[in-house]
1. Step by step: first the residues of region 251-289, then only those that are of a type in the set (A, V, I, L, M, F, W, C) and in a loop (DSSP other than H, G, I, E, B), then the one that is surrounded by the most Cβ atoms within 10 Å (Cβ to Cβ). Which residue is that?
2. Go through Arg334, Arg295 for me and flag whichever is out of contact with any strand residue (DSSP E or B) (no Cβ under 9 Å at 6 or more places or on another chain) and surrounded by 15 or more Cβ atoms within 10 Å (Cβ to Cβ).
3. For Ala291, indicate whether it is among the aliphatic types (A, V, I, L, M) and without any contact (Cβ under 8 Å) to a residue 24 or more places away in the chain.
4. For region 65-82, state whether one or more residues are in contact (Cβ under 8 Å) with a residue 40 or more places away in the chain, in contact with a Lys or Arg (Cβ under 7 Å, 6 or more places away or on another chain) and either within 20 Å of His279 (Cβ to Cβ) or crowded, with 23+ Cβ neighbours inside 10 Å (or both).
5. Does region 311-345 hold any residues that are touching a helix residue (DSSP H, G or I) at 6+ places or on another chain (Cβ under 6 Å) and closer than 15 Å to Phe74 by Cβ, and which are they?
6. Can you pull out every residue in region 210-239 that is over 21 Å from the mean Cα position of the chain (by Cα) and not aliphatic (A, V, I, L, M)?
7. Restricting the search to region 94-125, which residues are without any contact (Cβ under 8 Å) to a residue 60 or more places away in the chain, of a type outside the set (A, V, I, L, M) and either under 22 Å from Gln303 (Cα atoms) or touching a Ser or Thr at 6+ places or on another chain (Cβ under 8 Å) (or both)?
8. Of the residues Gly296, Gly260, Gly345, Gly281, only one is closer than 21 Å to Arg16 by Cα and of a type in the set (Gly, Ala, Ser); which?
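Values in this text are rule-based calculations from the coordinates and carry no lab data. All of these numbers come straight from a predicted model, not from anything done at the bench. Using ideal geometry, Cβ is built from the backbone for each residue, glycine included, and neighbour counts are taken over all protein chains shown.
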Amino acid sequence: MTGAIQTVEIARGAFRAQFLTLGAALRVLEVPGRDGSVANVVLGYRDLDAYRGPPSFHGAVVGRYANRIGGARFTLDGTPFAIAANDGANSLHSGPLGFDQQLWSVVAQDAWSVTFALVSPDGTNGFPGTLRAEARYTLEEDGLAVALTATTDRATVCNLTQHSYFNLAGEASGTNVLGHRLQVEASRMTPVDAAMIPTGAFADVAGTPFDFRTPHAIGERIDAPDDQLRLGQGYDHNLVLDGAFGTPRRIATLFDPQSGRVLDLESSKPGLQLYTGNHLGGGAPGTGGHAYPPRGGLCLEPQFFPDSPNRPDFPSARLDPGQVYRHDMAFRFRVAATDEEAFPG
């Protein structure tokens, strides 16, 4: 992670995006609101050096394995692998100095797109195989498309996602996201234990605060007397997306009634980690000049399920030589005046 952090900007129409070579991170994403005013809807730091501090993963591509792996270990083809622990006894986003803290190279750029590349040597934080990863960002007419790819020279596990915190009112608004309304195509979730590691069970969301199949405000049930919410101090859980995965489809919609901005999230992966920024607050100043409040942004992280390498009943995150890992995502934006417009069914 030594060396200067560089910024890269692309723009198209009313959209403007700024990225960092550190973590291939999305630092700024300017999006128009219902009244035509433009605001940056992702959280980031004002000072670039703050990205090198205690990781909060603002806007970064996280890997090699996004989310948690229990006990910081897994077995592949009978061989046990001990990986770096950085979340108690567990691995979170692949341990210290993960992809978010690496300087990526810019390997292609044009007016509307930029591609970053990173080589992660065999044995990095205990993971097998030399992993060659790329992150391509493309501004399209309605938002930002993200293509994450990787190859390996040895059997390994791979799970990459984009870790932006969104506040559709604008990161400089000073507001939290409790009034944002969310809809997710997920009928089940994976409950966690006290260490936030999935138990291996699948739980129906019906009748629980995790049922976002119809739109609900983030703050409507976040403090409900629910054991899973207590463990996460709010939402920090994997939702099991309905239907087949492998090709991009709309998996979630987020709506800010104040600004009218609507985010339609697309992904090709089977799970969505919903994290409501429960531990934000007291950090370095954001790009707008002020520190973010708790729950000042939320993450919608499509990915393989947490702890999949230790859970044969979960979709496999295995990657073999000759295969190409691919995760296609898109953040698509529009405006709406009402719930009926934001969530047309």
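1. Of everything passing the filter in region 251-289, Leu280 is surrounded by the most Cβ atoms within 10 Å (Cβ to Cβ).
2. On inspection, the qualifying residue turns out to be Arg295.
3. Yes.
4. Among the residues of region 65-82, not one is in contact (Cβ under 8 Å) with a residue 40 or more places away in the chain, in contact with a Lys or Arg (Cβ under 7 Å, 6 or more places away or on another chain) and either within 20 Å of His279 (Cβ to Cβ) or crowded, with 23+ Cβ neighbours inside 10 Å (or both), which makes the answer no.
5. Residues satisfying the conditions are Phe314, Ala317.
6. Within region 210-239, Thr214, Glu220, Arg221, Asp223, Pro225, Asp226, Asp227, Arg230 qualify.
7. Those that are without any contact (Cβ under 8 Å) to a residue 60 or more places away in the chain, of a type outside the set (A, V, I, L, M) and either under 22 Å from Gln303 (Cα atoms) or touching a Ser or Thr at 6+ places or on another chain (Cβ under 8 Å) (or both): Ser94, Gly95, Pro96, Gly98, Thr115, Ser120, Pro121, Asp122.
8. Gly260
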